[in-house]
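Here is the structure we will look at.
The values are calculated or read from the model by the stated rules, or taken from the named source; none is laboratory data. It should be emphasised that the depicted structure is a prediction, and the values quoted were computed from it without experimental measurement. So basically every Cβ, Gly included, is an ideal-geometry build from the backbone, and we count neighbours across all protein chains shown.
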Amino acid sequence: MLNDAVPSNFAGIYLVCGYTDLRYGIDSLASIIERRYKVNLFVPNTLFLFCGRSSKKIKGLLWEGDGFLLLYKRVEQGHFSWPRNSSELRLMSPEQFRWLMQGFSIDPVIRNVTPAYSA
């Protein structure tokens, strides 16, 4: 389902960086969003993504206007490239969402730099 999702149909796609205990259910995941990040959960078609210690599994929390939908995905081979170095909430672009679902990093590897001197 997440592979076939059209990212532009979501009002927003948020990625919770770092580790999340995937034993948590809807109420605990919603509590993380509300208490830690102070974000309004109740915007229809807003997807929040969580990843546990194993990068093979993710959970999604989606408000559909009349209730929550809890999504769980486990890949059999490979893993998700998940930002682990912080505990921030990141708004993802549709392009970054497609990259994540294909197993690519959502952070660019090549960055713009200004050299101190030329060769």
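Does ARG53 qualify as being exposed (fewer than 13 other Cβ atoms within 10 Å of the Cβ), of a type in the set (D, E, K, R) and within 24 Å of SER105 (Cβ to Cβ)? Working first, answer last.
On the way: exposed (fewer than 13 other Cβ atoms within 10 Å of the Cβ): yes; of a type in the set (D, E, K, R): yes; within 24 Å of SER105 (Cβ to Cβ): yes.
For ARG53, the condition - exposed (fewer than 13 other Cβ atoms within 10 Å of the Cβ), of a type in the set (D, E, K, R) and within 24 Å of SER105 (Cβ to Cβ) - is met.
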Could you check ILE13 against (1) of a type in the set (A, V, I, L, M, F, W, C); (2) at pLDDT 90 or above; (3) surrounded by fewer than 16 Cβ atoms within 10 Å (Cβ to Cβ) and say which number it fails? (3)
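Only one of SER118, SER93, SER105 is touching a Ser or Thr at 6+ places or on another chain (Cβ under 7 Å) and among the small types (Gly, Ala, Ser); which?
Details: SER118 fails: touching a Ser or Thr at 6+ places or on another chain (Cβ under 7 Å); SER93 fails: touching a Ser or Thr at 6+ places or on another chain (Cβ under 7 Å).
After applying the criteria, what remains is SER105.
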So GLU95 fits all but one of (1) touching a helix residue (DSSP H, G or I) at 6+ places or on another chain (Cβ under 9 Å); (2) closer than 20 Å to VAL6 by Cβ; (3) not in a helix (DSSP H, G or I); what number is the exception? (3)
Kindly indicate which of GLY78, GLY65, GLY60 is surrounded by fewer than 13 Cβ atoms within 10 Å (Cβ to Cβ) and closer than 20 Å to VAL6 by Cα. GLY65
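Quick one: in the range 1-28, of everything that is in a helix (DSSP H, G or I) and in contact (Cβ under 8 Å) with a residue 40 or more places away in the chain, which residue is farthest from ARG84 (Cα to Cα)? Please lay out each step first, then the result.
Step one: list which residues in the range 1-28 are in a helix (DSSP H, G or I), which gives 7-9, 26-28.
Cutting the leftovers down to in contact (Cβ under 8 Å) with a residue 40 or more places away in the chain gives us 7-8, 26.
Details: PRO7: 23, SER8: 25, ILE26: 22 Å.
It comes out as SER8.
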All positions within the range 63-119 that are free of Cβ contacts under 8 Å to residues at least 24 places away in the same chain and of a type in the set (Lys, Arg): ARG74, ARG111
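Out of all the residues in the range 100-119, which are within 12 Å of the chain's Cα centre (by Cα) and either buried (at least 16 other Cβ atoms within 10 Å of the Cβ) or of a type in the set (Val, Ile, Thr) (or both)?
LEU100, MET101, ILE106
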